[in-house]
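Take a look at the structure below.
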Amino acid sequence: MTHDHDLVLRPTDAQTTAALNPPAGRNGGDLVVETLAGLGATTVFGLPGQHALGMFDALRRSDLRYVGLRVENNAGFAADAYGRVTGEAAPLLLSTGPGALTSLAALQEAAAASAPVLAISSQVPTAGLGGGRHGYLHELPDQAASFRGVVKSVHTVRTQSQIPSAIAAAWKSALTAPHGPVWVEIPQDVLLAPTGLPRVTALDATPEELVPRPELTALAAHLLSRAERPAIIAGGGVVRADAAGKLRALAEKLDAPVVTTFGGKGAFPWTHPLSLQSWLEDRHTTDFLEDADVLLVVGSGLGELSSNYHTFAPRGRVVQIEADLGKLESNHPALGVHADARLALQALLETVEERTDPTAPERVRDVLAAVAARIDSQQLTLEREVLASVRRALPAGSPSFWDMTILAYWAWSAFDAHAPNLMHSAQGAGGLGYGFPAALGAAAADPTRPVLAVSGDGGALYSVAELATARQYGLDVTWLIVDDGGYGILREYMTDAFGRATATELTRPDYVALAESFGVPGVRTTPDTLAEDLAGALATPGPSVVVLPAVLRMFAPTHLG
């Protein structure tokens, strides 16, 4: 009788010969890049540093493409976007101490948005691990401690033989639902030491599937089939699981209206008769969802933004499908189904009974009409025209990346993403500076289509250095900068709360001249010419900057009253 543990792969004669005669001149860094290539990586992002030079030296002996940014946090944002667009784990190579720590805000965004980023950092020499204070450059008592509360998993390497397994384990962690950033750190001496180990081959880091429990999906299907007023909230988990088609099929089978969260933009067709679009910061939408007798929440934790700032109080039964166990029932009691959105939606499709509700499209139209009337009453013509101009200019299949700025807050609610995985923002963690470097990462992932980045002038100042990156690699990103001379949304918040704003005004450069100093064409536009100027920039290969001087306002919130 043969047991499973007796079934081992026998090396071929060629593999044996290669193992006995590894290429000369390799170091620990080669084991890193060979492992990444063996796992399927093709592009890496990062920034070199003294302790990490072993990895960067090894890049020239590999086929991996390197995209180097000017600030580690921006490199992290680029890797985040690459992971979101491709669904692959994006390698991010960093150096010890300040370089590593500078990436933290980007890794927090990746964690909040479930973007798969494989961060690999150097460490002080092995003798300095464990808190020994040897006074090494960049030394921290426990570097990994800074990342444990941010990333999914931390992997510390101490010997060269540990490198392939540690990176493979991190890769698997990053791509197992829910996706997220992971951290690997390797001491400087381990990276620099010559290695006699064979080239890395035959790696297997297949992510585990998160399958729903059948008794839970059976009960969920029973509830939905017999509901009188079912509704669906579709979050970012639907997009990450590539489950938009299954969501639409289920909604149509149930005649259930669907609203998408800001992270779930594009998960459901904007103009579908059952589409409530994304007006979550509106009391009319909140009231509608509260009135559902069965509410299916897919791929969302119903956090602050998705719950109209925690004013949402469902009265019916909630069914929540969520891959992140920590988010399951974290805000509302529910029938919690811990599962990947695609697998759970498939299970529901196979078990729900078809129901018909001819009133559903009419009820959806009534909600959208009430929302439109509310916005119409606020004299926000400029803001709506600017957003409409961006939509007209952006090609249907092009992705967009939005910084934390007033126009992005409008876009969360009012922008038609056209398809899943095309509109991304930093609304997960909410840090400034995301838009432009993230767009660079997306352009590196797919150079066949132009990419749009949208920033305010405050966020733009976080990312100006990456104009050099865009020019160096010829990345096809058009950067729209809405220049209002300050932190516009904070100015508005403070004026509303305190009667005046403090510390929100900025001395800013001439952004067109600044772009041109990097060799990037720039144009100053107006609301009337924005669509034409933006379309022209997007149609021209390579990076470009479009500057719109304008003071925009937010629509009035409904959660404060």
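The values are calculated or read from the model by the stated rules, or taken from the named source; none is laboratory data. Please read these numbers as outputs of a predicted model, since none were measured by experiment. Glycine also receives a Cβ, built like all others from the backbone with ideal geometry; neighbour counts cover every protein chain displayed. These accessible areas exclude ligands, DNA and RNA; they are computed on the full protein's heavy atoms, side chains included. Shrake-Rupley method; radii C 1.70, N 1.55, O 1.52, S 1.80 Å.
Descriptive notes on the structure:
- Other residues whose C-beta falls under 11 angstrom from the C-beta of residue 54 contribute a net charge of -2, scoring Lys and Arg +1 and Asp and Glu -1.
- Mean projected area in nm² (Cα convex hull; one quarter of hull surface) for the range 447-499: 4.4 nm²
- All C-alpha to C-alpha distances of the range 328-380, sorted into 10 Å bins beginning at zero, yield P(r) values of 17, 22, 31, 23, 5 percent in whole numbers.
- The convex hull of the Cα atoms of the range 54-120, projected and averaged over all directions, covers 4.4 nm².
- Dimensionless Rg over Rh [the range 89-212; C-alpha; Kirkwood]: 0.98
- Quarter of the Cα convex hull surface for the range 126-195, i.e. its orientation-mean projected area (nm²): 5.0 nm²
- Accessible surface, 1.4 Å probe, highest first, among residues 155, 338: 338, 155
- 17 Å Cα-Cα reach of residue 172 towards lysines, excluding residues that sit fewer than 8 places from it in its own chain: 152
- Positive contributions from Lys and Arg (+1) and negative ones from Asp and Glu (-1), summed over other residues with Cβ under 14 Å from the Cβ of residue 472, come out at +1.
- Cα gyration tensor of the range 407-547 - equivalent ellipsoid semi-axes, whole Å, descending: 25, 18, 14
- Principal axis dimensions, largest first and in whole angstrom, of the range 317-444 by Cα: 45, 39, 29
- Accessible surface of the range 278-420 [probe 1.4 Å, protein heavy atoms]: carbon and sulfur percent: 50 percent
- With DNA, RNA and ligands ignored, accessible area of residue 232 (1.4 Å probe; Å², nearest 10): 0 Å²
- Note: relative contact order over the chain, using C-alpha pairs below 8 Å and six or more positions apart, is 13 percent.
- Per residue, the range 305-384 exposes 50 Å² of accessible surface when a 1.4 Å probe is rolled over the protein heavy atoms with every protein chain present.
- Here the Debye sum runs over all C-alpha atoms of the chain as equal scatterers in vacuum, and log10 of I(q)/I(0) at q = 0.10, 0.11, 0.13 Å⁻¹ comes out as -0.87, -1.03, -1.30.
- The charge dipole of the range 364-480, taken about its Cα centre with unit charges on the Cβ atoms of Lys, Arg (+1), Asp and Glu (-1) only, comes to about 160 debye.
- Rounded to whole Å, sorted largest first: equivalent-ellipsoid semi-axes of the range 515-561, Cα gyration tensor: 30, 12, 11
- Net charge of Cβ neighbours under 12 Å - reference residue 41; Lys, Arg +1; Asp, Glu -1: -2
- In Å², nearest 10: area of residue 526 left accessible to a 1.4 Å probe: 60 Å²
- Over the range 259-381, equivalent-ellipsoid semi-axes from the Cα gyration tensor in Å: 25, 18, 13
- Exposure check, 1.4 Å probe, all protein chains in place: residue 381 carries approximately 90 Å² of accessible surface.
- Relative contact order (%) - the range 163-302, alpha-carbon pairs under 8 angstrom, separation at least six: 23 percent
- Low-density loop positions, trypsin sites (Lys or Arg not before Pro), the range 474-537 - DSSP coil, at most 13 other Cβ in 10 Å: 500
- 51, 559, 272, reordered so the largest accessible area comes first (probe 1.4 Å): 559, 272, 51
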